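Asks: Next up is a structure, given as structure tokens.
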Amino acid sequence: MRSKLFVPGVRPELFAKALAGDADALSLDLEDSVPGARKQEARAHVSAFVQSAAALASAKLVVVRVNALDTPHLVEDLGAVVGHGVGLVNLPKVESAQDVLAAVALLERAEAANGVASPTGLLATIETPRGLRRAAEIAAAHPRVAGLQVGLADLFEPHGIDRRDPANIHAVLFAVRMAAAEAGVPAWDAAFADFADEQGFRVEAGMARRLGYWGKSCIHPRQVALANEVFMPDAAQIALARRIVAGAREAAQAGRGAFVVDGRMVDLPFLKRAEALLASIDSNPSKP
Ligand code: COA
Ligand code: MG
């Protein structure tokens with residue numbers, strides 16, 4: 001998913017608009033865009049929507065961001081939404097492998113109660129200092145962890161860290177990307193609140209793209225096309241990846257691990273990159 005559009009669970013009038021738009025995924029939010037007193041109402045709206053014929057028929061990935069483990073809301077959130085076409089549950093403020101295992105246990109219970117046969121993937125958000133320090137163990141904690149999501153507002157704002165300083169952003173994005181890579185799972189870039197600043201979004205998304213992120217959260221429809229464009233691998237890169245994979249096959253037959261493509265040496269790490277690129281477009285709903 002190149003773009004994941006957040007929609008507050010208390011704004012059901014936006015659900016159909018978001019579904020009709022170009023985002024690869026919707027992220028229906030039960031967490032910070034929903035005030036404490038309206039959690040139940042948001043759950044009911046999201047539960048009804050994810051079971052609607054329109055949502056079930058859509059090719060979009062449906063994600064629900066639930067409330068964190070240390071809140072009184074998570075069990076009810078999962079009970080209301082698990083199954084019914086929800087592809088990923090996004091768990092905020094994950095801080096340890098134990099957190100992941102605790103969430104998986106709750107997910108399993110909700111799936112059993114709702115008669116859901118296939119396991120729901122978990123997208124773990126890294127957005128606390130402790131979570132950042134333990135991001136690699138979080139990513140590797142359980143096969144249900146489908147990827148890591150960066151959250152920069154929670155990580156930076158309470159600690160007075162400048163959200164617009166590229167050095168700060170790069171430090172976090174690199175660390176989380178390495179943690180995800182260690183576990184062999186993808187990573188997704190954070191939301192960008194200043195939705196009038198399209199250039200700022202594009203620059204930040206570009207940094208994430210160069211770090212191997214698969215996409216970025218969007219909080220406004222105008223950010224969706226930008227994310228789709230930045231994270232769409234271009235045709236030349238795809239063609240090069242195909243030539244590298246084909247070249248590796250020929251080289252292997254000749255008993256060689258290092259060979260030449262377009263005048264450059266290619267060996268195993270380059271082959272892995274090419275294979276990962278081709279795998280990412282295979283998992284992308286909008287293939288170029
Ligand atoms: N999903 C779908 N449609 C949306 C949308 C969203 N997240 N945000 C805005 N729109 C629609 C509006 O309904 C409006 O449609 P219209 O032209 O048919 O009237 C259009 O896009 C332009 O919206 P705009 O008036 O610029 O935005 P707003 O002032 O109503 O809302 C936000 C701005 C930021 C409050 C809103 O976009 C939002 O709630 N975003 C998600 C926030 C969130 O989930 N945060 C938590 C994760 S970080
Ligand atoms: Mg957050």
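Asks: Can you pull out the residues in the stretch 1-34 that are part of a loop (DSSP other than H, G, I, E, B) and within 12 Å of ligand 1 (Cβ to nearest atom)? Quick ask: steps written out before the conclusion?
Replies: Quick first cut of the stretch 1-34, residues part of a loop (DSSP other than H, G, I, E, B) only: 1-2, 9-11, 21-24, 30-34.
Hits for the stretch 1-34 are 9, 10, 11, 21, 22, 23, 30, 31, 32, 33, 34.
Asks: Mind listing whichever residues of the stretch 99-114 are within 22 Å of residue 129 (Cα to Cα) and either acidic (Asp, Glu) or without any contact (Cβ under 8 Å) to a residue 40 or more places away in the chain (or both)?
Replies: Matches in the stretch 99-114: 99, 102, 103.
Asks: Then there's this: Taking into account only those residues within the stretch 231-249 that are modelled with pLDDT of 95 or more and open to solvent by 70 Å² or more (accessible area, probe 1.4 Å), which is nearest to residue 1 (Cα to Cα)?
Replies: Looking at the filtered set, the residue picked out is 242.
Asks: Only one of these is more than 16 Å from ligand 2 (Cβ to nearest atom) and modelled with pLDDT of 95 or more: 89, 100, 116, 94. Name it. Even if it seems obvious, please write down each step before you answer.
Replies: On the way: 89 fails: more than 16 Å from ligand 2 (Cβ to nearest atom); 116 fails: modelled with pLDDT of 95 or more; 94 fails: more than 16 Å from ligand 2 (Cβ to nearest atom).
Only one candidate passes the filter, namely 100.
Asks: Tally up the residues in the stretch 199-225 that are touching a Lys or Arg at 6+ places or on another chain (Cβ under 8 Å) and either within 24 Å of residue 274 (Cα to Cα) or open to solvent by 30 Å² or more (accessible area, probe 1.4 Å) (or both), please.
Replies: Selection size over the stretch 199-225: 10.
Asks: Let me ask something else. Residues in the stretch 161-181 that are open to solvent by 70 Å² or more (accessible area, probe 1.4 Å) and more than 23 Å from residue 272 (Cα to Cα): how many? So that I can check it myself, show each step before the final result.
Replies: So in the stretch 161-181, the residues open to solvent by 70 Å² or more (accessible area, probe 1.4 Å) come out as 162, 164, 166, 170, 174, 178.
Restricting the remaining residues to those that are more than 23 Å from residue 272 (Cα to Cα) gives 162, 164, 166, 170.
Of the residues in the stretch 161-181, 4 are open to solvent by 70 Å² or more (accessible area, probe 1.4 Å) and more than 23 Å from residue 272 (Cα to Cα).
Asks: Follow-up question, since we're still on this one. Which of the residues that make up the stretch 26-56 are within 23 Å of residue 187 (Cα to Cα) and crowded, with 23+ Cβ neighbours inside 10 Å? Break it down stepwise before answering.
Replies: Going through the stretch 26-56, the residues within 23 Å of residue 187 (Cα to Cα) turn out to be 26-33.
Within the stretch 26-56, 26, 27, 28, 29, 30, 31 meet the criteria.
The values are calculated or read from the model by the stated rules, or taken from the named source; none is laboratory data. As the structure is a prediction and not an experimental result, all values here were calculated from the model. Glycine gets a Cβ as well: all are built from the backbone with ideal geometry, and neighbour counts include every protein chain shown. Note: areas computed on protein heavy atoms with side chains; ligands, DNA, RNA excluded. Shrake-Rupley method; radii C 1.70, N 1.55, O 1.52, S 1.80 Å.
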